[in-house]
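Shown next, in structure tokens, is the structure this report addresses.
The values are calculated or read from the model by the stated rules, or taken from the named source; none is laboratory data. Keep in mind it's a predicted model, so treat the numbers as computed, not measured. Cβ: placed from backbone, ideal geometry, glycine included. Neighbour counts: every protein chain shown.
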Amino acid sequence: MSDTGDGSQVRGSVIIAPVRDEAQPVRAAAYQRISEIMTAGDEHGVNNQRADQQRTAAARGYTIVMSEADNDLSAFTGRRRPGYEKIIAAAQRGEIDIILVFQLSRFWRNRVERAQGIKILSEARISIVATRGPSLDLSTAYGRAMAGMLGEFDTWESEVKGERQQLANEAAAVAGKARQGCPQPFGWQADRITADPAEGAAITSACAALLRGGSVTDIMRDWEARGVRPHQGALAWTRTSVRQILKNPRNAGISAYNSVEVARGEWEPLVDDVTFREVTRILGDRTRQWPKGFTTLLGGLAWCRCGNHVGGSASAHGRLAYRCIQGTRGDRPGPHVQVIAASVDEAVTRLAIGRLSAPDAVTALVVIPAREDLAALRDEEAALCARLARLGELYAEGQIGEQDLITGRARGEQRVAEIRTQLTGHDVDSVLAPLIAAQDTAAEWERLSTAQRRAAIGLLMTVTLYPSGRGARTFRHDVVLPPGRGIIWKA
Ligand SMILES: [Zn+2]
């Protein structure tokens, strides 16, 4: 592969140097590189590459103003290339017009480097002349288009890699796996599974403080005092960084992907679900609060006599009512429930407080459910969440219609809500114990959030509502909650 010194015989250089003012010589930078596939004494070694370049320059009238070589066989393989960097810098300063290389593959080691190089050299209008193989004339629109296409392929490849990574991340999230690729979350050790004694305790105590009425500023001070430091090199805590940490579903052992809660995580939770939902409510994160319909005491929790859930919604007169949810009713025969919520809430609350105040409450109510029941519920929750996360995509892809999307989502969210009530309701310590232990159960009940009250009710009883009958204007306890059917005690 030798050249004659006659420009016409230089092989491969299909696109040649920029059109320039004849009076000015073309300033060339000569670049040589040995990579690992070239061995010493190889004809493509640095000296041979340089000789090739000198012949080409002489044949075409270029003036070599700088010559740089890099040796990839050195200890710095895969790292910096001082020669390459000098040439790029000279190009950016406008000190050269073309770069002479043996082959394009000698100049760039990988696609990322090539994409970056093409961008810089296109802007500087500097061409790369290869003594073997195709050159890149970045001074012409055609050459830049060619370079752009090479760049497009590079981008495409990295995007495909990115998509694969995204899919892998999503799969890991749905499986509840701790993701290793992302920064280490505050609160856990390097395995991202074991709680960090100092950071985990900081989160747990911060959540408890918020629930007691503490402020984010208090928490910042407490964390400074504890000596726990923000990750990722930040120097001090800010209100934003503290809030972000406390609103992370990971704290409650919930695996989320793109802000959608998709599964139970494999890592140690730092707080229970009820605490987490309360914390996010206090911090004003609507997306992390209980799903829709949970603002009422019994919506999505109590049943219609037909076996369908009731939802809470405003009545024609603007009062909150419980109604058998039409979207999930299916073919179940009526009559279906529609009743003013306030009276039902009052009756159910009175019954719950009565049960919790009973002398045998301590022994009768502190019952830990079987572990396998909880595991099955968590599995079901994870599967449902994954399906819910897919629904939007299916709709976007045209695989399901809008009505399917709406009913599917409503059904799924309702069941997830139920499961979460059961899961959190099972957290006897956090929900029922304070109520049972309180001197004044009714006063303690008043202090609870709706979410906490729902959890307590879910633990205590199954509520089934019956229609009040045509024209009924007043709430009749024995009709809406008939004895032996309306309230079924669980404990
Ligand atoms: Zn019904």
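Identify all residues within region 114-137 that are of a type in the set (Gly, Ala, Ser), closer than 25 Å to Ala51 by Cα and either free of Cβ contacts under 8 Å to residues at least 60 places away in the same chain or in contact with a Phe, Trp or Tyr (Cβ under 8 Å, 6 or more places away or on another chain) (or both); write none if there are none. Even if it seems obvious, please write down each step before you answer.
At the first step, the residues of region 114-137 found to be of a type in the set (Gly, Ala, Ser) are 115, 117, 122, 124, 127, 130, 133, 135.
Keeping just the survivors that are closer than 25 Å to Ala51 by Cα gives 117, 127, 130, 133, 135.
Hits for region 114-137 are Gly117, Ala130.
So which of Ala225, Ala256 ends up being outside any loop (DSSP other than H, G, I, E, B) and in contact (Cβ under 8 Å) with a residue 40 or more places away in the chain? Spell out how you get there, then give the answer.
On the way: Ala225 fails: in contact (Cβ under 8 Å) with a residue 40 or more places away in the chain.
Step by step, each of Ala225, Ala256 is checked, and only Ala256 is outside any loop (DSSP other than H, G, I, E, B) and in contact (Cβ under 8 Å) with a residue 40 or more places away in the chain.
Criterion first (surrounded by 13 or more Cβ atoms within 10 Å (Cβ to Cβ) and modelled with pLDDT under 80) does Ser139 satisfy it? Even if it seems obvious, please write down each step before you answer.
Numbers: surrounded by 13 or more Cβ atoms within 10 Å (Cβ to Cβ): yes; modelled with pLDDT under 80: yes.
So Ser139 passes the test.
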Task: Looking only at region 395-413, and only at residues there that are touching a residue at least 24 places away in the same chain (Cβ under 8 Å) and touching a helix residue (DSSP H, G or I) at 6+ places or on another chain (Cβ under 6 Å), the one that is surrounded by the fewest Cβ atoms within 10 Å (Cβ to Cβ) - done: Thr407
TODO: Restrict the check to region 195-217 and report whether at least one residue is modelled with pLDDT of 90 or more, part of a loop (DSSP other than H, G, I, E, B) and under 30 Å from Leu388 (Cβ atoms).
DONE: no
Open item on the list: Show the residue pairs meeting these rules: Cβ distance below 8 Å; 6+ apart or different chains; first residue within region 325-337 and farther than 22 Å from Arg409 by Cα; second residue more than 9 Å from the ligand (Cβ to nearest atom) and assigned to a loop (DSSP other than H, G, I, E, B).
Closed with: Val337/Tyr466
- [ ] Have a look at Leu356, Leu388, Leu320 and point out the one that is at pLDDT 80 or above and touching a Gly at 6+ places or on another chain (Cβ under 9 Å).
- [x] Leu320
TODO: Among the candidates Ile406, Ile400, Ile419, single out the residue that is touching an Asp or Glu at 6+ places or on another chain (Cβ under 6 Å) and either farther than 18 Å from Leu460 by Cβ or modelled with pLDDT under 80 (or both).
DONE: Ile419
- [ ] Would you mind finding the one in Thr280, Thr275 that is modelled with pLDDT under 80, assigned to a helix (DSSP H, G or I) and crowded, with 21+ Cβ neighbours inside 10 Å?
- [x] Thr275
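Residue under question is Arg332, and the condition is that it be at pLDDT 80 or above and not in a helix (DSSP H, G or I); does it hold?
Working: at pLDDT 80 or above: yes; not in a helix (DSSP H, G or I): yes.
Yes; evaluated as a whole, the condition is true for this residue.
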Open item on the list: So for region 99-108 (the condition being among the charged types (D, E, K, R) and either surrounded by fewer than 21 Cβ atoms within 10 Å (Cβ to Cβ) or under 14 Å from Gly143 (Cβ atoms) (or both)), does at least one residue qualify?
Closed with: no
